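**Student:** Take this structure, written in structure tokens, and hold onto it; I'll ask about it next.
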Amino acid sequence: MFLALVITAFPALYCARETQRTVPAPPIAKAMPKADTLFGDIRIDNYFWLRDKANPEVIKYLEAENAYTDSMTAHLKRLQDGLYDEMVDRLVETDTAAPVQIDNYYYYTRTVKDQQYPIYCRKEVTPSGGEEILLDPNELNYKYISLGAFKVSPDHKTLAYAIDTSGWESYAVYVKDLQEPRFLPDTINNTGGDLEWANDNMTFFYTTLDSTQRPFELYRHQMGTQQEADKLVYREDDGAFYLGLSKTRSKKFIVVGLQSIVTSEFWTLDADQPSGQFRIVAPRRKEIEYSLDHRGDEFFIMTNDNARNFKVMRTPIGNPSPDNWTEFIPQDDSVKIEKIDLFQNHLVISERSDGLPRLRIVDLGTDERHYVDFPDPAYSIWAAQNPVYETGVFRFNYSSLVTPSSVFDYDMQSRDRKLVKQNRVNNYRAADYKTERLWARAPDGIPVPIVVAYKTALFRGDGSNPMMLEGYGAYGIPSNPYFSFTNVSLLDRGFVYAIAQARGGGEMGRWWYEDGKLLKKKNTFTDFIACAEYLTANKYTSKDKLAILGGSAGGILIGAAVNMRPDLFRVAVAGSPFVDVLNTMLDPTIPLTVVEYDEWGNPHDSAYYFYIKGYSPYDNVEAKAYPALLIIGGLNDPRVAYWEPTKWAAKLRASKTDGNPLLLLVHMGEGHFGVSGRYARLKEEAFIYSYCLDVMGMAK
């Protein structure tokens with residue numbers, strides 16, 4: 001059916017600034033009602049037609065929205081360029097990452113001024129070792145580039161890497177002979193981006209995607225053969241499970257992980273026997289999660305089996321079933337174990353207590369245990385590359401909202417800490433900025449942590465500071481406070497940058513996640529609103545100076561917040577926002593739907609249907625005043641389809657009663673993570689910041 005795009009002319013609006021400018025009329029998507037009935041409930045979706053990517057009128061509408069956004073922000077070009085120049089000036093454009101030694105090579109990446117992507121290199125561990133470029137993505141002629149696996153064979157002679165050039169997250173694998181060097185004919189398409197080498201240097205394993213972009217098949221590839229000859233090793237038919245691939249640090253085992261949101265199953269293969277059979281560790285049991293690593297004649301298992309916050313177990317390789325698991329680190333109601341890193345003589349436990357991350361070191365010879373100390377009141381730590389099993393040094397990254405990312409080597413025996421590299425930030429002095437940890441109180445009385453940062457000399461504490469408040473609150477993923485050199489452009493304009501660590505994330509332990517999912521999802525939104533109310537009541541900002549930001553699952557948070565309390569925010573930015581929750585979760589053909597029943601619920605069950613309908617941002621748009629909105633999506637996004645932000649924008653535009661700007665930007669050649677390339681991302685950040693500054697009357 002021909003679906004017309006109707007552009008409706010509105011009277012010209014004017015911007016109350018030093019000079020007036022005519023505001024063009026926005027594109028208006030034609031309403032084409034589609035009725036659906038479930039559980040006796042009739043729903044009318046006027047914009048279902050926007051899902052048809054093959055319809056020229058859909059593309060025309062997206063192009064019209066992009067043109068409107070360009071027109072509405074044309075007056076901000078000088079500000080955007082100035083913000084971009086500031087960001088580039090802070091960036092050390094030509095730089096080298098901390099190298100990682102593997103056998104007789106140092107592996108590292110480096111960046112070069114004016115080039116978008118890091119260059120992948122290595123050097124031999126000799127005084128005369130010269131640089132060898134393994135891969136330079138800047139030489140590839142693609143608008144969009146995302147690297148998946150980047151794996152050098154155990155003998156260091158061959159490179160296999162996966163690359164996505166559309167944003168659709170379907171990766172092609174290429175193989176390069178590093179001795180000659182030259183590319184080999186071993187090309188593999190439609191992979192999930194994972195691959196692992198066997199120890200014979202001639203075999204690697206990879207995953208392929210089903211029609212919903214789910215990695216579901218495991219193949220074995222023999223060098224020198226075509227993809228059609230590859231052996232199917234395993235197929236996962238349960239649509240709720242992803243198939244992942246890894247290798248133990250000891251290099252002894254290839255590991256296949258089959259994981260849903262709440263359930264795990266792992267299989268292992270002797271990496272010296274690539275044609276052998278994978279052996280199961282523990283069959284899947286609903287809501288039992290585990291992961292593993294290898295040491296000696298044991299697997300170390302991290303699991304939530306009778307341990308809500310997880311515990312660490314040990315089991316013999318020869319018979320690893322749960323009947324043979326013995327406890328090594330018990331569960332602690334106040335400490336969430338998030339990850340284990342296993343070495344020949346030490347175990348490193350990444351955990352979280354009272355909302356803060358910690359590193360616990362265990363000497364496996366003496367059983368002596370200690371913690372690594374960190375200085376900031378709120379911070380982030382995460383394991384860096386630690387590929388060597390026979391080492392006593394653990395490399396980790398440290399950052400906070402005011403501390404640039406730093407790489408440390410920690411001697412687990414002597415407890416000495418060595419700074420290997422701190423990202424240098426031009427025109428920035430950390431001592432001029434401050435970070436704090438605050439606590440709001442949710443409507444049900446639960447304290448909710450907030451992390452804030454500001455430039456000390458510009459913080460007034462009287463409510464007059466503008467603020468950017470970020471939120472996520474999903475999948476048990478903590479919203480950790482990382483340093484961003486682009487945020488300095490806000491802090492230097494008097495902004496407070498804040499992160500609301502709402503339930504649904506993992507900041508306060510497993511219960512924090514469980515209290516913000518399924519039939520408790522609304523806690524995420526009320527937590528976020530409580531944080532905003534606390535920050536305004538305590539004079540960190542005020543309603544007319546409060547911007548909010550969230551992406552992907554954080555887009556639900558932004559959409560729900562502006563539906564519930566539109567008066568509380570001046571401007572909202574939503575990137576790749578998952579906002580059409582009910583329609584998406586009712587359609588099992590859409591990527592991620594079946595996988596995510598354990599996160600949002602299955603609305604084919606009436607309890608979940610009506611609960612989701614009660615908060616789904618798209619379904620709850622009303623005829624009322626909304627804050628200014630900037631909505632960003634990607635045409636090739638496989639995680640949150642382009643039509644979700646598009647339909648939301650169309651319905652908002654047809655419903656809202658205010659005169660605040662509403663802009664939609666859909667990247668026509670990118671996916672879920674937006675533009676690729678470091679300079680392209682800086683341009684987009686400058687665009688977002690300029691929009692927010694303009695709405696707040698700070699576009700100077």
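**Student:** Is the shape of the stretch 142-288 best called rounded, prolate or oblate, per the rule: a/c under 1.5 gives rounded, else a/b larger than b/c gives prolate, else oblate, with a ≥ b ≥ c the square roots of the Cα gyration tensor eigenvalues?
**Tutor:** Values: a/c = 1.97, a/b = 1.28, b/c = 1.55.
Oblate.
**Student:** What net charge do the residues around TYR433 carry, taking every other residue with its C-beta under 10 Å from that of TYR433, with Lys and Arg at +1 and Asp and Glu at -1?
**Tutor:** That works out to +1.
**Student:** So, counting K/R as plus one and D/E as minus one, what does the shell of residues with Cβ under 13 Å around TYR642 add up to?
**Tutor:** Taking every Cβ under 13 Å from that of TYR642, the sum is -3.
**Student:** Could you please rank VAL666, VAL595, placing first whichever residue has the fewest other Cβ atoms within 10 Å of its Cβ?
**Tutor:** VAL595, VAL666
**Student:** Further question: Would you mind putting 379-391, 261-273 in packing order, based on average other-beta-carbon counts within 10 Å, highest first?
**Tutor:** 261-273, 379-391
**Student:** Using only Cα atoms and rounding to the nearest 10 degrees, what angle (0 to 90) does helix 678-695 make with the longest principal axis of the chain?
**Tutor:** Approximately 30 degrees, to the nearest 10.
**Student:** Net charge near ALA35, counting Lys/Arg +1 and Asp/Glu -1 over other residues with Cβ under 12 Å of its Cβ?
**Tutor:** Numbers: positive: LYS34, ARG43; negative: ASP36, ASP41, ASP45.
Residues close to ALA35 contribute a combined charge of -1.
**Student:** Let me ask something additional. Run the helix sum for the chain: -39,500 (n - 2.57) per DSSP H stretch of 4+ residues, divided by residue count, reported at 222 nm to the nearest 500 deg cm²/dmol. Numbers along the way, then the final one.
**Tutor:** Values: 11 runs with 116 residues, N = 700.
So the helix-based figure for the chain works out to -5000 deg cm²/dmol.
**Student:** What percent does the relative contact order of the chain come to when contacts are Cα pairs within less than 8 Å and at least six residues apart?
**Tutor:** Computed over the chain, the figure is 10 percent.
**Student:** Taking Cα atoms, how many degrees apart are the long axis of helix 522-537 and the longest axis of the chain, rounded to 10 and kept between 0 and 90?
**Tutor:** 70
**Student:** Oh, and also: Any idea how far the Cα center of the stretch 144-209 sits from the one of the stretch 361-407, in Å?
**Tutor:** Here the answer is 30 Å between Cα centres.
**Student:** How about LYS34: which lysines have a C-alpha closer than 27 Å to its C-alpha, ignoring those fewer than 8 places off in the same chain?
**Tutor:** LYS53, LYS60, LYS613, LYS624, LYS647, LYS651, LYS656
**Student:** Of all DSSP beta bridges in the chain, what percent run antiparallel (nearest 5)?
**Tutor:** Given both bridge residues lie in the chain, the antiparallel proportion sits at roughly 85 percent.
**Student:** Excluding residues on the same chain fewer than 8 positions from LYS421, give the lysines whose Cα lies under 21 Å from its Cα.
**Tutor:** LYS113, LYS123
**Student:** If I fit a long axis through the Cα atoms of helix 553-564 and take the longest principal axis of the Cα atoms of the chain, what angle between them do I get, 0 to 90°, rounded to 10?
**Tutor:** 30
Every read-out reported here was derived from the displayed coordinates using simple, explicitly stated rules and does not represent laboratory data. What you see is a predicted model; the values in this text were computed from it and never measured. Cβ sites come from the backbone with ideal geometry, for glycine too, and all protein chains shown count toward neighbours.
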